[in-house]
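These notes concern the structure reproduced below.
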Amino acid sequence: MDRIAILTSGGDSPGMNACIRATARHALDRGLSVLGVIKGYEGLIDGVFIPMESTDVSNIIQRGGTILHTARSPRFREPDGRAAAADSLRRNSVDGLVVIGGDGSFRGAHELYIEHGIPLVGVPATIDNDIWGTDLTIGYDTAVNTALEAIDKVRDTAAAHDRLFIIEVMGRSAGFIALEVGIGAGAEAVLIPETPTDLNAICDRIQGRIARGRTSSILVVAEGDEAGDAFRIAEKVKDMSGLKSRVTVLGHVQRGGSPTTRDRVLASKLGWASVDALMEGAQDVMVGEVDNRVVRHPLPDTWMKRKLLDPLLVTLSENL
Ligand code: F6P
């Protein structure tokens, strides 16, 4: 192996830059040349590569976003797009590809491997933490802390005005962010896609709090919850109980910001491990971290197996 390429794909997550840095530096140390692909699979299809030296990744470890830019690429979902991408890689003499992204990016990477035999390694980076085979994904810890800080602030105004707030957090169809943030913020209820939502019971609980003299409440809702988005839930709560509420959708603020130490270290470890994996001949795998140890898994396992919520956390969120 003489040359690798690195790309970031799908929704950005804090720590992607730290991962690019570790991957590039370790590859250069091991005598490889390194190319960065601009704008994920879009750049791969269009052949937009930049050479990367050690200094190109200086002063980025603390920055959110991704210096390589990212995209969602409908073209890459088609066989023609993947053929063009494989062609770009061959024309640029790339022997191995590191894909930093989430499950959608991994599915695309796997197709590229199956159809064109490109050796590649995935590194899990998404705020959603919904990837099997790694305890945490890069960006999740930062996103949870960003959301927590925002909810603490909303709690001040909720208490001042004696209001009920319904706060929506990201996570696509997974409740990892909502669950941890809800426990951390001391929310009165956490609504997640993985467990049934009983809005009547939640309304009763809030009414009970009011009867006991508690005048403000926070509900944390995962964007993928079965009861609907935060605005829909606010309407339903009003119809069921007469309770009025304010809605805050935290949205893309959760994707930005400087990564936490935990995310920077995880990103550095996994970027490093992706280079070792490629050089040892691993193909079509993801590197992850389980119980503090770096592991490798076949790429399809990462979306075909379901990562489960910690049942103890679910119990805490329901009882505290
Ligand atoms: O996968 C990361 C994520 O932020 C999800 O939590 C969210 O559902 C989605 O991406 C939003 O995607 P976009 O930025 O393309 O609207």
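The values are calculated or read from the model by the stated rules, or taken from the named source; none is laboratory data. No experiment lies behind these values; they were computed from the predicted model shown. Glycine gets a Cβ as well: all are built from the backbone with ideal geometry, and neighbour counts include every protein chain shown. Calculation scope for accessible area: heavy atoms of the full protein, side chains included, ligands and nucleic acids excluded. Shrake-Rupley method; radii C 1.70, N 1.55, O 1.52, S 1.80 Å.
For the chain, what does the helix formula give at 222 nm: sum of -39500 (n - 2.57) over DSSP H segments with n ≥ 4, over the residue count, nearest 500 deg cm²/dmol?
Values: 11 runs with 137 residues, N = 320.
Helix-only estimate at 222 nm: -13500 deg cm²/dmol.
Straightening the chain between residue 320 and residue 204 buys 40.2 nm, computed as 0.36 nm per residue apart minus the Cα-Cα spacing.
Beta-bridge orientation, the chain: approximately 25 percent antiparallel, per DSSP, counting only bridges with both partners inside. Candidates 28, 171, 271 compared by Cα position along the dipole of the chain: farthest toward the positive end lies 171, with charges placed on Cβ.
Among the trypsin sites (Lys or Arg not before Pro) in region 226-317, those located in a DSSP loop and surrounded by at most 11 other Cβ atoms within 10 Å of their own Cβ are 244, 306. When each of the peptides 47-58, 62-73 is scored by how many other beta carbons lie within 10 Å of its residues on average, the order from highest to lowest is 62-73, 47-58.
Candidates 161, 185, 253 compared by Cα position along the dipole of region 141-255: farthest toward the positive end lies 161, with charges placed on Cβ. This model, with +1 at the C-beta of Lys and Arg and -1 at the C-beta of Asp and Glu, gives region 141-255 a dipole about its Cα centre of some 440 debye. Distance between the 7 Å Cα→Cβ label points at residue 226 and residue 310: 2.5 nm.
Figure note: 29, 284, 95 ranked by solvent-accessible area, largest first, 1.4 Å probe, ligands and nucleic acids not counted: 29, 95, 284.
Projected onto their three principal axes, the Cα atoms of the chain cover extents of 70, 37, 33 Å, largest first.
In Å³ and rounded to a whole number, note down the convex hull volume per residue for the Cα atoms of region 4-45.
Values: hull volume 2.2 nm³, N = 42.
Cα-based convex hull of region 4-45, divided per residue, equals 51 Å³.
Near residue 160, once Lys and Arg are set to +1 and Asp and Glu to -1 for all other residues with Cβ below 13 Å from its Cβ, the sum equals +2.
Computed over protein heavy atoms with a 1.4 Å probe, the carbon and sulfur contribution to the accessible area of region 141-255 reaches 47%. Taking the convex hull of the alpha carbon positions in region 141-255 and averaging its projected area over all directions gives 6.2 nm².
Set the Förster radius R0 to 30 Å, insert the Cβ-Cβ distance between residue 3 and residue 58 as r into 1/(1 + (r/R0)^6), and round the FRET efficiency to 0.05. Show your work: numbers first, answer last.
Working: r = 21 Å, r/R0 = 0.71.
Result of the calculation: an efficiency of 0.90.
Compare the peptides 271-280, 80-89, 5-14 by average per-residue count of other Cβ atoms within 10 angstrom and give them in order, highest first.
My ranking of the peptides, most packed first, is 5-14, 271-280, 80-89.
With r defined as the distance between the Cβ atoms of residue 195 and residue 261 and R0 fixed at 30 Å, what FRET efficiency is calculated, to the nearest 0.05? After rounding, the FRET efficiency stands at 0.45. Taking amide H as placed 1.01 Å from N in the peptide plane, the amide H of residue 194 sits under 5 Å from that of 175, each at least 5 places away or on another chain.
Taking the centroid of alpha carbons for each part, region 170-246 and region 79-118 are 41 Å apart.
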